[in-house]
Amino acid sequence: MDDVQALLNRPKFYYNIDGVGELAVGVMGMGYLLLFWLQVHSPLHSFWNKLYPLVIYVAGLHYGTKAVKQRITYPRTGFVSYKKSMAFWPAVFSITVASVTAFGFLTLLRHGVDSTTPACLIGGLFFAVCYGYGMARAVSWKWLVAWGIVLAAVVVAFLPGRILVSLTGDSWTARYFDAKLVGAFLLYWMALSMLLLISGGISFFLYLRHTQAPAQDGE
Amino acid sequence: MNSQIQAIADLDRVIHEPGRLMIVALLFAVDQADFLYLQHETGMNKGTLSSHISRLEKAEYVTVVKTYRGKVPQTLLSLTQAGRTSFEQYRKKLKKAL
């Protein structure tokens, strides 16, 4: 029965067989970071604080990933179209966890409690568990990346406050949010995105090295 | 007859063959997949895979659509509702038998 279950899981893991899934999330993370950095360091009503840059960026990523899959992955190891229901429950889970966590931290902020350390630790653990479940179960060396995600969270959580505050400077965000928390978010997001980019890059390199499109003849 | 032995005897023979079980399990988890994907995941050669697919198609468990990806021929496969139901029943019976 375990073998049948393993077979049922294979199509889920196939999405990241080429590392493009991770690369996309890593590029998305770095792009969001850059966008967030620009938002933090530009006036509140500037172009960067509007919604269009985000929409353009997300659309570019979506079609970019699709193009890589169509030109590289499908001709080499085949095409898979996923059931819509497969994306539904992970999305519901992520939105629920994010909402509950955000509510918890906003409550802490309202009461003037410094939530940077618990936010980093809980966030790091959450990302590591999601990564382990979604990616590392398929490829054992990716457990190192999962541990890297936890380690990055621990390092950021215990960094001196002045370093984290210096990342936001005299931004408008300090009026609305805890500057230390914003700085920790920027730094941790960068570490997480870098880890995913490296891991995805290695997977992509190995995929290109070990696969090639078969000669075309009848099926 | 013992119920466990009966459960083994009742297993769907079309799905129970290891090669076809792999194909059906892989297709069960997706909306559709192409021939190349199944070949890559199962490690079967084209002839063996084609013969298993023909057997599944004959049992009306799988639908096969021949199309093109650009100029390259592509064979898309998906599990029919009958195929999905049979696979679910097969798993239940196998669980009972074990």
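Summary table
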| item | result |
| --- | --- |
| Interchain or long-range residues, amide H under 5 Å from B:Val62's placed H | B:Glu57, B:Thr80 |
| Loop-resident sites, region A:3-92, for trypsin sites (Lys or Arg not before Pro), counting at most 12 other Cβ within 10 Å (DSSP) | A:Lys50, A:Lys84 |
| Rounded to the nearest 20 debye, dipole of region A:2-210 from Cβ charges on Lys, Arg, Asp, Glu | 520 |
| Dimensions (Å) - chain A, Cα atoms, principal axes, largest first | 66, 41, 31 |
| Among the listed pairs A:Lys66/B:Lys58; A:Lys12/B:Lys92; A:Lys84/B:Lys95; B:Lys58/B:Lys92; A:Lys69/B:Lys92, those beyond 31 Å (Cα-Cα) | A:Lys66/B:Lys58; A:Lys69/B:Lys92 |
| Low-density loop positions, trypsin sites (Lys or Arg not before Pro), region B:31-98 - DSSP coil, at most 16 other Cβ in 10 Å | B:Lys71 |
| DSSP loop chymotrypsin sites (Phe, Trp or Tyr not before Pro) with at most 12 other Cβ within 10 Å excluded, longest remaining stretch of chain A | A:1-140 |
| Descending semi-axes in Å of chain B, equivalent ellipsoid built from Cα gyration tensor | 28, 12, 11 |
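Each value in this text was obtained by applying a stated rule to the coordinates, not by laboratory testing. What you are looking at is a predicted structure, and each value in this text was computed from that prediction instead of being measured. Heads up, the Cβs are rebuilt from the backbone with ideal geometry, glycines too, and the neighbour counts pull from every protein chain shown.
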